[in-house]
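Have a look at the structure below before the remarks.
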């Protein structure tokens with residue numbers, strides 16, 4: 001549990017760096033996702049602030065560590081890195097990297113379809129871009145964030161209206177070996193849960209809020225089913241839970257950041273977030 005005075009560096013070092021990112025470099029899959037009501041600081045924690053270097057978020061810190069880890073193993077392993085960035089908006093998936101271009105509107109973003117095979121989840125239409133440095137990866141992060149859907153609400157002037165999944169995929173091979181080890185780090189920024197009466201949304205924003213809350217409801221059902229070791233896990237109930245199937249139910253080390261709002265007026269939502277985290 002972190003108090004309101006802690007910074008992103010403390011959260012990253014205690015809950016993400018060694019538990020998740022270091023293991024990805026070693027060949028294990030990892031996921032970090034942020035959950036909580038709108039305005040609680042999820043996106044700031046995941047991507048960081050743009051004004052101060054010390055405010056950089058979990059994504060840029062993780063990317064930096066991945067390339068540092070690759071450099072440390074360069075004498076014994078050859079590793080390639082690819083990156084993809086997907087948005088789920090109103091239960092529709094799309095490629096935020098838009099073939100490496102800025103999008104003038106969301107309609108320009110390529111659509112992504114989610115398919116399930118016997119062995120894996122396939123995201124058709126999602127392009128994986130090769131990156132050779134932290135700078136390359138952060139440039140793609142900036143491009144994707146620029147193409148992401150956000151709107152102003154009463155509770156948050158830059159409310160994220162979509163769920164986003166940034167995936168960093170590694171392929172590593174020891175020198176002199178033909179065996180390739182694949183690992184993936186998923187960094188997930190969930191759209192904020194919200195009570196429409198408090199946020200003051202109407203029209204399109206109200207429709208977005210309904211999609212957001214329904215998809216988070218399905219995510220909670222999946223997590224409850226997993227925690228109870230149920231015979232049936234309802235991954236297929238939404239695009240988001242299907243896309244996160246490997247992260248939640250597969251061979252993956254996962255850490256969830258549950259963000260609560262410190263204001264007393266938001267206490268019911270904060271309690272709800274804490275209960276969700278207990279699952």
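Computed from the coordinates by the stated procedures, all read-outs in this text should not be read as laboratory data. It should be emphasised that the depicted structure is a prediction, and the values quoted were computed from it without experimental measurement. All Cβ positions, even for glycine, are placed from backbone atoms using ideal geometry, and neighbour counts span all protein chains on display.
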**Request:** Counting other beta carbons within 10 Å of each Cβ, put 35, 2 in order, fewest first.
**Result:** 2, 35
**Request:** Would you give the gap between the C-alpha center of the stretch 57-107 and the C-alpha center of the stretch 261-279, rounded to a whole Å?
**Result:** 30
**Message:** Between residue 181 and residue 6, how high is the FRET efficiency from 1/(1 + (r/R0)^6) when r is the Cβ-Cβ distance and R₀ = 51 Å? Nearest 0.05.
**Reply:** 0.90
**Asked** To the nearest 10 degrees, how steeply does helix 267-278 sit against the main Cα axis of the chain, on a 0 to 90 scale?
**Response** 30
**Ellipticity estimate at 222 nm from DSSP helix runs (n ≥ 4, -39,500 (n - 2.57)) divided over the chain, nearest 500** = -9500 deg cm²/dmol
**Asked** For the residues 96, 257, 267, 138, what sequence is obtained by ranking on other C-beta atoms within 10 Å, fewest first?
**Response** 267, 138, 257, 96
**Asked** By how many degrees, 0 to 90 and rounded to 10, does the Cα axis of helix 58-72 deviate from the longest principal axis of the chain?
**Response** 10
**Fill in**
Each label sits 7 Å from Cα toward the beta-carbon; between residue 121 and residue 26 the label points are separated, in nm, by 2.5
**Complete:** Going from the fewest other Cβ atoms within 10 Å to the most, one would list 223, 121, 179, 88 as 179, 121, 223, 88
**Message:** Explain nothing, just the number: relative contact order of the chain, from Cα pairs under 8 Å at least 6 residues apart, as a whole percent.
**Reply:** 27
**Item:** Stretchable slack from residue 275 to residue 210, in nm (0.36 nm times residue separation minus alpha-carbon distance)
**Value:** 21.3 nm
**Request:** Tell me the label-point distance for the pair residue 19, residue 230, using the 7 Å Cα-to-Cβ offset, in nm and rounded to one decimal.
**Result:** 2.5
**Fill in**
Label model pair residue 99, residue 73: point-to-point distance (7 angstrom along the Cα→beta-carbon line) in nm is 3.4
**Complete:** Helix 203-227 sits off the longest principal axis of the Cα atoms of the chain, rounded to the nearest 10 on a 0 to 90 degree scale, by 60
**Request:** Determine the equivalent ellipsoid of the chain by diagonalising the alpha-carbon gyration tensor, then write out the semi-axes as square roots of 5 times the eigenvalues, largest first, rounded to whole Å.
**Result:** 29, 21, 20
